[in-house]
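Since the structure comes first, as structure tokens, the remarks are kept for the end.
Please treat every number below as a calculation from the coordinates, not as lab data. Keep in mind it's a predicted model, so treat the numbers as computed, not measured. Don't worry about glycine lacking a Cβ; one is built from the backbone with ideal geometry, like all the others, and counts go over all protein chains shown.
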Amino acid sequence: MDKNKMKKNRGLTKNGPLLLIALPGIIYIFINNYIPMFGVFLAFKDYSYIKGIFGSDWNGLNNFKYLFRQDALLIVRNTLLYNLAFIVLGTICAIIVAILMCELGNKFRVKIFQSSLLLPNLLSWVVIGFIAFAFLNSDTGFINNTVIKSLGGKEVAWYTSPQYWPFILTFVYLWKNVGYSSIIYMASISGIDKSIFEAARIDGASKLKQIKYITIPMLKPTVVILTLMAIGRIFYSDFGLFYQVPMNSGALYKTTQTIDTYVYHGLMELQDVGMSAAAALYQSVVGFILVVTANAVVRKVDNDNALF
Amino acid sequence: MFKLTDEKRFKVFATVVLTILTAITLLPIVLIVIASFTQEKALIANGYSFLPEAWSFDAYYYLINQGKLILRAYGITILVTGVGTIASVLFTTMLAYPMSRKGFKYRNALSFFVFFTMLFNGGIVSSYMMWSNIFGIKNTIWALILPNYLVTAFNVFLVRNYYSNNIHEAIIESAQIDGASEITIFYKIIVPLSIPVVATISLFTALIYWNDWLNGLYYITKSEYFGIQNLLIKIMNNVQFLKSGSSNFLGLGNMNLPGSSVRMAMAVIGILPIVIIYPFIQKYFIKGVIVGAVKE
């Protein structure tokens with residue numbers, strides 16, 4: 001019966017017209033995503049603007065050698081450590097916010113809090129850079145002029161003091177993203193069977209105990225999946241955060257430069273195409289390995305949530 | 001009795017903590033709004049402050065005087081957001097629909113073709129070289145629309161899953177039996193049924209285009225193609241840019257240039273449209289986040 005239906009269907013479904021409908025999208029993805037994949041050979045060239053893409057001389061692995069001798073360690077370290085901090089703190093904060101939201105029990109209040117916490121996620125990194133500037137700049141910044149003055153401390157030149165930036169960037173990241181990621185955890189919490197909490201309550205479990213022994217264990221699968229996915233992307237950083245918020249200040253590169261800002265800097269400011277292409281290819285290849293590995297692990301943990 | 005107070009106590013605790021977090025979230029935005037209304041003199045003396053000594057509309061008067069530059073940037077952003085979103089929705093649904101059809105021969109091949117872009121990419125360098133050297137989009141309006149955002153794997157799979165779950169093969173089969181062509185089926189049956197998912201991806205795509213500055217940063221060097229975000233970057237780098245950008249500003253001297261408050265007024269203008277439409281889109285936005293996170 002089923003087979004018959006399939007056959008009938010296949011007879012009526014015209015592959016040609018369907019392919020035609022898909023064509024604009026196919027062409028776009030081919031251009032935007034696939035042609036650049038073939039362009040990775042630039043990483044093995046000594047690119048010269050005069051000789052062009054195909055005319056430039058090959059130089060083997062020299063770009064990579066130079067990259068690993070110079071900056072690779074720093075940018076990879078920064079990218080990994082920031083992402084690690086974001087994954088750990090981001091998850092903890094998002095879960096706390098989600099649990100608190102679900103305990104409010106007042107729809108109107110949930111709506112107000114949720115809208116407010118989500119708002120930064122709708123702002124561009126440029127605007128967030130402006131906001132950070134309003135707080136941090138040394139002449140008119142809020143922190144130097146109001147906070148430090150009232151505490152009687154010494155003014156800090158934030159945009160030239162790299163030691164503070166790991167904290168600043170982590171804070172800004174959390175400020176922008178916790179509202180967003182807490183939505184996903186809220187959805188998982190509201191999916192938990194209410195009768196479990198009811199039973200615990202009747203047995204005399206306090207709110208804290210209910211959270212510790214019901215909510216958090218029930219969230220574990222979501223946490224595991226989202227964390228693994230984030231680990232798959234740990235070699236990529238949010239370019240906007242690391243470019244706009246520190247205002248691309250060269251004095252801060254030691255603690256603010258990640259692979260993505262390094263590639264931008266090399267390509268657009270130093271015009272060193274070969275080396276930035278090498279860094280970008282390094283990122284793509286390691287990124288690819290990590291995504292595939294993370295997915296394999298996800299599939300082991302929970303087959304339904306694997307990407308492929 | 002004890003249980004009740006425990007629960008109540010927790011509710012109060014949750015309210016207090018969330019109120020503090022909300023304050024931390026909103027106050028930075030409030031600060032730039034207040035800063036934009038602060039008199040320049042007070043601002044230079046005391047810095048950006050929540051309680052300025054003197055208020056003034058100078059920054060906004062100044063921006064109105066510079067109207068042409070800002071209006072143009074707004075126009076570019078609106079144009080790019082409009083065209084980009086419409087084209088994106090069109091291309092995305094058209095690509096996702098055949099992928100959802102069970103009888104379609106190339107269904108799996110197409111899915112893999114789209115999916116692979118989530119695993120591997122050529123990186124920004126070759127992408128930049130291609131768009132600027134082969135397609136020559138530098139300093140054209142296309143540079144703001146074409147690279148990166150038009151059709152994304154994420155959106156394609158979102159729409160494909162929507163079609164797979166919500167459109168019965170039976171509807172399509174009966175149309176086929178009635179002799180409707182595939183293209184007629186798409187426009188007459190599928191498009192009207194797509195409204196909820198189209199609303200979601202339109203919202204996400206429009207936000208991406210409105211907030212995008214990356215394409216402008218890479219591909220635009222001429223200020224006449226600056227959208228609002230790239231104008232903001234330019235202004236942050238150089239308040240003088242506003243002066244040079246307009247010739248009708250020759251009457252005022254440097255003393256009156258409200259540099260610090262103007263920056264913040266510009267940022268406020270940049271977020272104003274989002275804040276205005278936010279209450280209306282918030283519901284769909286949250287729905288979209290949940291749908292996007294839950295796979296298949």
Item to complete: Please list A:276-285, A:96-105 highest first by mean number of surrounding beta-carbon atoms within 10 Å per residue.
Response: A:276-285, A:96-105
Discussion item. My understanding is that a pair violates if its Cα-Cα distance is over 19 Å; which of A:LYS194/B:LYS11; A:LYS111/B:LYS287; A:LYS111/A:LYS207; A:LYS107/B:LYS8; B:LYS68/B:LYS234 do that in this structure?
Written reply: A:LYS111/A:LYS207
Discussion item. Under 10 Å, Cα contacts only: if you run a Gaussian network model on chain B, which one of B:THR19, B:THR221, B:THR152 comes out with the highest mean-square fluctuation?
Written reply: B:THR19
Fill in: Positive minus negative residues near B:PHE226 (Lys, Arg vs Asp, Glu; Cβ under 11 Å)
+2
Worksheet item: Averaged across the residues of B:23-34, what count of C-beta atoms belonging to other chains lies within 10 Å of each residue's C-beta?
Response: 4
Response to the item:
Measuring from its Cα centre, the protein assembly as shown shows a charge dipole (+1 at each Lys and Arg Cβ, -1 at each Asp and Glu Cβ) which, in debye to the nearest 20, is 1180 debye
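Roughly how many debye, to the nearest 20, is the charge dipole of the stretch B:68-245 about its Cα centre, given +1 on each Lys and Arg Cβ, -1 on each Asp and Glu Cβ, and no other charges? All intermediate terms of the calculation are to be shown ahead of the outcome.
Numbers: 12 positive and 6 negative charges, 100 e Å.
It works out to roughly 480 debye.
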Worksheet item: How big is the equivalent ellipsoid of the stretch B:1-89 along its three axes, where each semi-axis is √(5λ) from the Cα gyration tensor, reported in whole Å from largest to smallest?
Response: 41, 27, 7
Practice prompt. Report, to two decimal places, the Cα Rg of chain A normalised by 2.2 N^0.38 Å (N = number of residues).
Written response: 1.29
Discussion item. Restricting to DSSP H runs of at least four residues, report the calculated mean residue ellipticity at 222 nm for chain B, -39500 (n - 2.57) per run over all residues, nearest 500 deg cm²/dmol.
Written reply: -22500 deg cm²/dmol
Worksheet item: What base-10 log of the normalised intensity I(q)/I(0) is obtained for the stretch A:178-262 from the Debye formula, alpha carbons as equal point scatterers, at q = 0.20, 0.24 Å⁻¹?
Response: -0.93, -1.12
Worksheet item: When A:PHE108, A:PHE113 are ordered from fewest to most other Cβ atoms inside 10 Å of their Cβ, what list results?
Response: A:PHE108, A:PHE113
Worksheet, complete the sentence: Asserting the computed 222 nm helical MRE of chain A (DSSP H runs at least 4 long, -39500 (n - 2.57) per run, divided by residue count, to nearest 500) equals -20500 deg cm²/dmol
Worksheet item: With a Cα-only, solvent-free Debye model of the stretch B:68-245, what are the log10 I(q)/I(0) values at q = 0.12, 0.15 Å⁻¹?
Response: -0.67, -0.91
Worksheet entry | chain B: angle of helix B:107-119 to the longest principal axis, Cα-based, in degrees nearest 10 | 30 degrees
Worksheet item: Using the per-residue mean of other Cβ atoms lying within 10 Å as a proxy for protection, in what order, highest first, do the peptides B:280-288, A:138-146 fall?
Response: A:138-146, B:280-288
Item to complete: Take peptide B:5-17, look around each residue's Cβ out to 10 angstrom, count Cβ atoms belonging to other protein chains, and average those counts.
Response: 5
Practice prompt. Return a whole-number percent for the relative contact order of the stretch A:72-305, with Cα pairs under 8 Å and 6 or more residues apart as the contact set.
Written response: 29 percent
Discussion item. Taking every pair of distinct Cα atoms and averaging 1/r, then inverting, what Kirkwood hydrodynamic radius in Å comes out for the stretch B:124-183?
Written reply: 15.0 Å
Worksheet item: Arranged by the count of other C-beta atoms within 10 angstrom, fewest first, what order do A:TYR180, A:TYR82 take?
Response: A:TYR180, A:TYR82
Worksheet, complete the sentence: Expressed as a whole-number percentage, the relative contact order of chain B with C-alpha contacts under 8 angstrom and at least six residues apart is 30 percent
Worksheet, complete the sentence: Over all Cα pairs of the stretch A:104-155, the Kirkwood radius sets Rh, and Rg/Rh then becomes 1.22
Practice prompt. Averaging over all projection directions, find the projected area of the Cα convex hull of the stretch A:15-58 and quote it in nm² with one decimal place.
Written response: 4.1 nm²
Worksheet item: Under a GNM of chain A (C-alpha, springs under 10 Å), which listed residue has the highest mean-square fluctuation: A:VAL263, A:VAL178, A:VAL126?
Response: A:VAL126
Worksheet item: Which of B:TYR278, B:TYR61 comes first, and how do the rest follow, when ranked by fewest Cβ neighbours within 10 Å?
Response: B:TYR61, B:TYR278
Worksheet entry | chain A: DSSP helices with Cα axial extent of at least 24 Å and average Kyte-Doolittle hydropathy no lower than -0.5 | A:72-104, A:165-190, A:273-301
Worksheet item: In peptide A:40-46, what is the residue-averaged number of other protein chain Cβ atoms found within 10 Å of each Cβ?
Response: 2
Worksheet item: In a GNM of chain B with a 10 Å cut-off on Cα contacts, which of B:SER36, B:SER88, B:SER56 has the highest mean-square fluctuation?
Response: B:SER56
Discussion item. Between 0 and 90 degrees, rounded to the nearest ten: what's the tilt of helix B:195-211 against the longest Cα principal axis of chain B?
Written reply: 30 degrees
Worksheet entry | Per-bin percent of Cα-Cα distances, the protein assembly as shown [20 Å] | 17, 49, 30, 4, 0
